[in-house]
1. So which residue, out of A62, A45, A33, gets the largest mean-square fluctuation from a GNM of the chain using Cα contacts under 10 Å as springs?
2. Round to a whole number: what % of the accessible area of region 7-99 belongs to carbon and sulfur, probe 1.4 Å?
3. How are the alpha carbon pair distances in the chain distributed across 5 Å bins from zero to the largest one, expressed in percent?
4. Compute the long axis of helix 17-27 from its Cα atoms, compare it with the longest principal axis of the Cα atoms of the chain, and write down the angle in degrees, 0 to 90, nearest 10.
5. Using a Gaussian network model of the chain whose springs link C-alpha atoms within less than 10 Å, name the residue from E35, E87, E67 with the highest mean-square fluctuation.
6. Excluding ligands, DNA and RNA, what is the solvent-accessible area per residue of the chain at a probe of 1.4 Å, expressed in Å²?
7. Please give the helix 85-98 orientation as an angle from the longest Cα principal axis of the chain, in degrees from 0 to 90, rounded to the nearest 10.
8. Any idea what the relative contact order of the chain is, in percent, if you count C-alpha pairs under 8 Å spaced at least 6 apart?
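The values are calculated or read from the model by the stated rules, or taken from the named source; none is laboratory data. Since the model is a prediction, treat every value here as computed from it, not as a measurement. FYI the Cβ positions are ideal-geometry reconstructions off the backbone, even for glycines, and counts take in every protein chain you see. For accessibility, only protein heavy atoms count, side chains too; no ligands or nucleic acids. Shrake-Rupley method; radii C 1.70, N 1.55, O 1.52, S 1.80 Å.
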Amino acid sequence: TLPKQKAPQAGGDAIPFGQVRHIVSTRCTPCHASEPYQPGYPITAPPKGFVLETPEQIKDQASKIYEQAVKTRVMPFGNMTKMTAEERELLGRWIEQQG
């Protein structure tokens, strides 16, 4: 489930989707593609069928992204794509803004 909507913070500008898409494309999509391409991780299908290639897929799966990458931080697996704390925080803020 999505986190509860928080009151806007002073200076809490809306997160542009382009920033979110860049993070997801760089840190998540190498494994979560219809044809995964993460070097050193020999998989032939996206884990759990979870594909994050299009804006619609990213938006539709926002609650799962939040749970796995922001809240529990279990993804990316072993942090093999080196997602930063700042990227996780930005993803979380964007997801919260989606309501």
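1. Highest fluctuation among the options: A45.
2. Roughly 54 percent, rounded to a whole number.
3. Percent of pairs per bin, in order: 2, 13, 25, 26, 18, 9, 4, 2, 1, 0.
4. Between helix and principal axis, roughly 30 degrees.
5. Between E35, E87, E67, it is E35 that shows the largest mean-square fluctuation.
6. 63 Å²
7. Once rounded, the angle reads 60 degrees.
8. Dividing the mean separation by the residue count of the chain yields 37 percent.
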